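Working notes for the structure below.
The values are calculated or read from the model by the stated rules, or taken from the named source; none is laboratory data. Just so it is clear, the model here is predicted, and its values are computed rather than measured. Here the Cβ positions follow ideal geometry from the backbone for every residue, glycine too, while neighbour counts run over all protein chains shown.
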Amino acid sequence: MSFQTIRSYVLYLFTFLVVVFFLPFTQDFFTTPKWYLVGFFALALILSSVGEFLFTKKITWIKKEFDSPLTLFLVVASLSLLFGSVNKVQALLSPHFGLLTFAFLFIIYYYFSRSRKTMPHGDMVFSLFSAVFSLTVLAETLPFITTRLPAALQKFQNVTLAGTMLDALVFLTFASVVSLGNLLKKEDHTAKNISSFLGFVLSTLTSIVILFSLVRNSASLALPSFAHSWFAAVEILKLPMTALFGVGIDNFQSAFVKVKDIAYNSSPLWQISSFSLARTAIFHTMTEMGLLGLVSLILMLFQLIKQAFSDGGTVQARLVSLYFVVVFFLLPPSFLLFFLLFVWMGMTVSHHTSKELAMDFSEIVPAYGLLIVVGMVIVGTASFFLGKAYMSEYMFQQSLSTNNLKNVYEKMRTAVGDNPYNERIRTNFVQVNLLIANTVAGRAKKDEKGQPKLSEQDRQTVSQAIQAAIDEAKAVVSLNPSKATNWELLASVYRSITGVVQGADTWTVSAYQRAIVLDPQNPVYRVALGGVLYGFKQYDDSSRLFEQAVSLKPDWPNAQYNYAWAMYQKGDYLKAATAMQACVSLLNPKKDAADYKKAFADLEEFKKKVPVEQTSQTTNTETDQQKESLSLPPTSAPQVEPKISLPKTASPEAK
């Protein structure tokens, strides 16, 4: 058996493995391991070619139909990252829509398209595989099965071996179409027809079950609407550079917050400040990669349809090509979707005859040696940095799996060191440092006023932990200052230390203001900043912010509640009572029993201050002891005296 034959069989088996591959060594058990598996496998394929060249001393080039559109797509993605992406390393490593994702998949496509061997009975094996996979998904989704799962497995009810339910839907609908295409071939092959029928029926049935589950729990999808995704795509046309190259890979959030309107605040997802993916792959590609990215993707799909409907195209190829067009217009981008597309394109043209161009380096010894060295350096360097990124994910997961605070800190610090460009990991490291500071401050003895009295050693430990938290939060901001959530993180750090660190109060206000500028339609940021100013007894400024939050989301009881109290503190009792009345009307006496009683009692108190016509109110005393969600900011934060003094570099303006 030749080397190329072995490599071809490995490619086909690898495809099945990717679909079901998972490892519990990263925070995400499914997509992240698949992505790294494909990455290391792509590097292994390149290494195999270097080894083949080492013995044959020949390089053979075969042009295939999809080479040009795929190369164009990869080039445009690179330009989009170069000109648009802020955090370029994170954009490289994004599993769903990152540059390395497309680079790895292009390599997989390249070797598939040059594969001259097919897997024996491949259609039948694929149909049987999809049938078995369907049964595993059904076992995870059907209510009469999931309700009997052990408690430890309950958290996996919304995921499958393929990943999320959307990932499973992508694969199963693909498998259904492929199996249907096999059935329509009308070949006289009983075993193949039976397996195709079985695969088609089970894949279709499971797809329907998943669709029903997703529609019933649509809020759990956490995806922007089609309208907002379209508005974000159109938003890029306002500037020439973004029109061509988009806002940059891994930067969809910056486009979404610009088109988010008040109507979004009325949706069930309003507390999600932004999204990393658009509702459809087409809209997402246009937003992050611009018109050039959209054109390159359409060319890929057009070339796929053209090839499928040519004279040599099969019914199966036509069905699958139409399937990809529909899916790209209906579902968000995902690693599995692009993986299936690139693999299918490679398999489709693998047997198309093309002219070969061979170059013999046996007589050109310097060039022969240089190519081997270059190939080994590329594979070695890429493997090293990819391994560092994976170890960062691994250590981060390890930090989440221990209850020892010291171990959590050490492992997460290692994770940050291995990949300092990962905003998610650094954000969690911020919380760990704050937890250390709070833990040390919490065990300190109290003075006669009940405030913690820190020893000199504890003050030093708290100071170091706070400074580390600020440094990490500022690092997250510097990685992508266009994300409002990053500024909110920094503001929350400052807010948590206002009673401990000099100057933290003004830093908090400054950071929240930056978040509001970047996400002006977000009522949460305005309530948060208003709460800070309320705590400083700046009732005029806080009431304006609470009023703005109410105008952005009139049906948010907590915004009304805070606005009512701010007006009460100002002495405007009529507006205070009106706002509290609005708060009461938004609460359900049964579902929000504790909040309802609290707001109703405050309303009665406010009414005593203003001679207005009373409206009869009845209070339902039936309570289920729900936790109160209405809250006012504290008028004073826990104090540490004397306050800890940090260097000027801790301020948000310092670089």
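For segment 399-416, give me each residue that is surrounded by fewer than 19 Cβ atoms within 10 Å (Cβ to Cβ), touching a residue at least 12 places away in the same chain (Cβ under 8 Å) and not charged (D, E, K, R).
LEU400, LEU405, TYR409, THR414, listed by residue number.
Report the residue count in segment 558-577 for those that are of a type in the set (S, T, N, Q) and more than 12 Å from GLU547 (Cβ to Cβ).
So the answer is 2.
What pairs come up if the first residue lies in segment 369-387 and is β-branched (Val, Ile, Thr), the second is surrounded by 11 or more Cβ atoms within 10 Å (Cβ to Cβ) and not in a helix (DSSP H, G or I), and their beta carbons are under 8 Å apart, counting only those six or more places apart or on different chains?
none
How about segment 494-547: which of its residues are in contact with a helix residue (DSSP H, G or I) (Cβ under 7 Å, 6 or more places away or on another chain), of a type in the set (A, V, I, L, M) and under 22 Å from ILE272 (Cβ atoms)?
Within segment 494-547, ALA511, ALA515, ILE516, LEU518, VAL527, ALA528, LEU529, LEU545 qualify.
Do you know which residues across segment 585-602 are surrounded by fewer than 22 Cβ atoms within 10 Å (Cβ to Cβ) and either outside any helix (DSSP H, G or I) or not charged (D, E, K, R) (or both)?
Of everything in segment 585-602, those that are surrounded by fewer than 22 Cβ atoms within 10 Å (Cβ to Cβ) and either outside any helix (DSSP H, G or I) or not charged (D, E, K, R) (or both) turn out to be SER585, LEU586, ASN588, PRO589, LYS590, LYS591, ASP592, ALA593, ALA594, PHE600, ALA601.
Looking at segment 489-542, which of the residues that are aromatic (Phe, Trp, Tyr) and in contact with a Pro (Cβ under 6 Å, 6 or more places away or on another chain) is nearest to VAL476 (Cα to Cα)?
Top of the filtered list is TRP507.
Between residues in segment 99-117 that are basic (Lys, Arg) and residues that are crowded, with 21+ Cβ neighbours inside 10 Å, which pairs lie under 9 Å by C-beta distance while being six or more apart or on different chains?
Listed pairs, sorted by first residue: ARG114/GLY346.
Based on what the data block shows, is LEU205 touching a helix residue (DSSP H, G or I) at 6+ places or on another chain (Cβ under 6 Å) and surrounded by fewer than 21 Cβ atoms within 10 Å (Cβ to Cβ)?
no
Looking at segment 568-579, which of its residues are more than 27 Å from SER267 (Cβ to Cβ) and free of Cβ contacts under 8 Å to residues at least 24 places away in the same chain?
GLY571, ASP572, LYS575
Taking LYS57, is it buried (at least 18 other Cβ atoms within 10 Å of the Cβ), of a type outside the set (S, T, N, Q), modelled with pLDDT under 95 and farther than 30 Å from GLN397 by Cβ?
For LYS57, the condition - buried (at least 18 other Cβ atoms within 10 Å of the Cβ), of a type outside the set (S, T, N, Q), modelled with pLDDT under 95 and farther than 30 Å from GLN397 by Cβ - is not met.
Among the residues of segment 510-546, write down those that are within 32 Å of the chain's Cα centre (by Cα) and either acidic (Asp, Glu) or surrounded by fewer than 19 Cβ atoms within 10 Å (Cβ to Cβ) (or both).
Within segment 510-546, SER510, GLN513, VAL517, ASP519, PRO520 meet the criteria.
Quick one: in segment 417-445, of everything that is part of a loop (DSSP other than H, G, I, E, B) and free of Cβ contacts under 8 Å to residues at least 40 places away in the same chain, which residue is farthest from the chain's Cα centre (by Cα)?
Within segment 417-445, the match that is farthest from the chain's Cα centre (by Cα) is ALA444.
Hey, which of the helices (runs of 4 or more DSSP H) in segment 198-282, taking only ones fully inside, have at least 1 residues that are without any contact (Cβ under 8 Å) to a residue 40 or more places away in the chain, under 30 Å from PRO557 (Cβ atoms) and in contact with a Gly (Cβ under 9 Å, 6 or more places away or on another chain)?
none
Among residues belonging to segment 283-327 that are among the polar types (S, T, N, Q) and not in a loop (DSSP other than H, G, I, E, B), point out the one that is surrounded by the most Cβ atoms within 10 Å (Cβ to Cβ).
THR287
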